[in-house]
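First the structure, in the form of structure tokens, and then the observations on it.
The values are calculated or read from the model by the stated rules, or taken from the named source; none is laboratory data. Source: prediction; values computed, not measured. When we count neighbours, we look across all protein chains shown, and the Cβ atoms used for this are built from the backbone with ideal geometry, even at glycine.
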């Protein structure tokens, strides 16, 4: 069972079916999640990234590539996905919130399993090497004050 952070606010729980996971076990997990007021989806194979992480990492990687290529500003990339695709938060904002180091670990793990489509762009690696990890270091794609509020 993969709960999303913060669990009290996020309505989805991903259920992973391993090779020997029985239908009864999946149903028990689904019933438990529904009892908590959650919706569920089932990842039919226990693979790195499950459903949502694979999708969010590949999207964030593309946003980082667009940033690296000078296609748009971080603000416009995030605004485009918030307003055009109805995301509650832009992928670059989300990356800063979660931590660019954590994002890079996810991307590298997915690249090992799923190949080069998950290779992180050089700018992402440079930011992490420079200690620009997002909110937790007051600098990532954006800058933050001591209270974690974005300043640029």
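Kindly establish whether residue 105 is surrounded by 12 or more Cβ atoms within 10 Å (Cβ to Cβ), closer than 27 Å to residue 46 by Cα and out of contact with any helix residue (DSSP H, G or I) (no Cβ under 9 Å at 6 or more places or on another chain).
So residue 105 fits the description; yes.
Within the stretch 98-127, track down each residue that is in contact with a strand residue (DSSP E or B) (Cβ under 6 Å, 6 or more places away or on another chain) and assigned to a helix (DSSP H, G or I).
100
Pairs please, first residue from the stretch 129-152 and on the phi > 0 side of the Ramachandran plot, second anywhere and in a helix (DSSP H, G or I), Cβ atoms under 8 Å, 6+ apart in sequence or on different chains.
131/137; 134/95; 134/96; 134/97; 134/98; 134/100; 148/135
List the helices (runs of 4 or more DSSP H) that sit entirely inside the stretch 1-97 and contain at least 1 residues that are assigned by TED's automatic domain parsing to the domain that holds residue 107, surrounded by fewer than 16 Cβ atoms within 10 Å (Cβ to Cβ) and under 16 Å from the mean Cα position of the chain (by Cα).
52-69, 74-84
Residue 50 is checked against (1) at pLDDT 95 or above; (2) under 20 Å from residue 91 (Cβ atoms); (3) touching a strand residue (DSSP E or B) at 6+ places or on another chain (Cβ under 8 Å) and fails just one. What number does that condition carry?
(1)
Looking at this structure, is residue 115 under 28 Å from residue 47 (Cβ atoms) and loosely packed, with under 13 Cβ neighbours inside 10 Å?
yes
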